[in-house]
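Since the structure comes first, as structure tokens, the remarks are kept for the end.
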Amino acid sequence: MFAYSLHTACDKNGFVLDFKIAPSNIHDSVMFDPLYKSLKENFNPKAIAIDAGYKTPYICKTLLDDNVIPVTPYKRPMTKKGFFKKYEFVYDEYYDCYLCPEGEVLKYTTTNRDGYKEYKSNKNICKNCPNINKCTQSKNTTKVIARHVWEEYMEEAEHLRHTSYNKEVYPLRSQTIERVFADIKEKHGMRYTRLKGLKKNKMQALLVFTCLNLKKLALWIWNKSPERLFLS
């Protein structure tokens, strides 16, 4: 599909702070870095609410290392229906291993090139397990669990998701950034692009976002004005 994606940040009042544009085949998480660096340099945010596309170990680590609170959504497990979920396997940090629902140990074996540590079960034990059909479809009856080397940052972000602050902040996305995207699509013809190239689309997006900010600023001034002229 020939398309572009706008990665946009706004404040709690819905004013657009910055944006980055990229071809649509680039994943959201890849575009987080340049946008975040701009926000950090110019606005020094205390918390950032992100959607599921940006919920990765690297992004959670980046925010937490900078003492920025990651406000993340719930992300549904990708496990097949009828199989054990990953959270049903308990990670033992001290021994660096996993315990399956039957209490058997999955030992660390290696770290792959994508930065995931692999934990494998004992196939001789698993082949006699009554729940093998709910655990793995592996032909050699070996269960493998992948854990990112920065998984603890994801776990901390998931823990913060249940705090009262995050529960208060995340719903504001529907009133701020989601409203921005709704306006540019429905009122400013940006559901589809009529231009080719990043440069042209960036210029168009810049003009549209500038107009949105000016319109919001004008409404703020109007609503705060002590004297208004009404015609009948």
Exercise for review: Return yes when THR193 is out of contact with any Ser or Thr (no Cβ under 9 Å at 6 or more places or on another chain) and either aliphatic (A, V, I, L, M) or part of a helix (DSSP H, G or I) (or both) and no when it is not.
Suggested key: no
Exercise for review: Run TYR36 past the list (1) surrounded by 12 or more Cβ atoms within 10 Å (Cβ to Cβ); (2) more than 24 Å from LYS167 (Cβ to Cβ) and report the number of the one that doesn't hold.
Suggested key: (2)
Practice item. Enumerate the pairs (first residue in region 210-225 and touching a residue at least 40 places away in the same chain (Cβ under 8 Å); second residue anywhere and surrounded by 12 or more Cβ atoms within 10 Å (Cβ to Cβ)) with beta-carbon separation below 6 Å, excluding pairs fewer than 6 apart on the same chain, so at least 6 apart or on different chains. Key: ASN213/PHE15; ASN213/VAL16
Study note, to complete from the structure: Apart from one, (1) within 30 Å of ASN128 (Cβ to Cβ); (2) open to solvent by 60 Å² or more (accessible area, probe 1.4 Å) all hold for THR142; the odd one out is (2)
Check your understanding: Any residue in region 119-138 that is open to solvent by 70 Å² or more (accessible area, probe 1.4 Å), within 30 Å of THR62 (Cα to Cα) and free of Cβ contacts under 8 Å to residues at least 40 places away in the same chain?
Key -> yes
Review point. Is it the case that TYR153 is more than 30 Å from LYS120 (Cα to Cα) and surrounded by 13 or more Cβ atoms within 10 Å (Cβ to Cβ)?
Key: no
Point to revise | Qualifying residue in region 88-98 (condition: within 26 Å of TYR170 (Cβ to Cβ) and surrounded by fewer than 15 Cβ atoms within 10 Å (Cβ to Cβ)) | key: yes
Review point. Taking interchain pairs and intrachain pairs at least six residues apart, which have beta carbon atoms under 8 angstrom, with the first residue in region 1-14 and more than 16 Å from LEU198 (Cβ to Cβ) and polar (S, T, N, Q) and the second open to solvent by less than 60 Å² (accessible area, probe 1.4 Å) and modelled with pLDDT of 90 or more?
Key: ASN13/THR176
Revision key, fill the gap. Going through region 207-227 in order, the residues found to be among the β-branched types (Val, Ile, Thr) and either open to solvent by 90 Å² or more (accessible area, probe 1.4 Å) or assigned to a loop (DSSP other than H, G, I, E, B) (or both) are ILE221
Exercise for review: Kindly indicate which of LYS61, LYS20, LYS80 is surrounded by 16 or more Cβ atoms within 10 Å (Cβ to Cβ), within 30 Å of LYS143 (Cα to Cα) and charged (D, E, K, R).
Suggested key: LYS61
Exercise for review: Might you let me know whether region 40-58 holds any residue that is at negative phi, among the charged types (D, E, K, R), exposed (fewer than 14 other Cβ atoms within 10 Å of the Cβ) and touching a helix residue (DSSP H, G or I) at 6+ places or on another chain (Cβ under 9 Å)?
Suggested key: no
Point to revise | Test set (1) open to solvent by 80 Å² or more (accessible area, probe 1.4 Å); (2) part of a helix (DSSP H, G or I) - GLU158 fails condition number | key: (1)
Exercise for review: Any chance you could count how many residues in region 173-188 are open to solvent by 100 Å² or more (accessible area, probe 1.4 Å) and either in contact with a strand residue (DSSP E or B) (Cβ under 8 Å, 6 or more places away or on another chain) or within 27 Å of TYR74 (Cβ to Cβ) (or both)?
Suggested key: 2
Check your understanding: Could you list, in sequence order, the residues of region 1-29 that are among the acidic types (Asp, Glu) and either over 23 Å from TRP220 (Cα atoms) or in contact with a His (Cβ under 8 Å, 6 or more places away or on another chain) (or both)?
Key -> ASP28
Review point. When residues of region 189-206 are filtered for being exposed (fewer than 13 other Cβ atoms within 10 Å of the Cβ) and among the β-branched types (Val, Ile, Thr), how many remain?
Key: 0
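The values are calculated or read from the model by the stated rules, or taken from the named source; none is laboratory data. This is a predicted model, so every value here is computed, not measured. No Cβ is skipped: glycine too gets one built from the backbone with ideal geometry, and neighbour counts run over all protein chains shown. We work out accessible area using only protein heavy atoms, side chains counted, and drop any ligands, DNA or RNA first. Shrake-Rupley method; radii C 1.70, N 1.55, O 1.52, S 1.80 Å.
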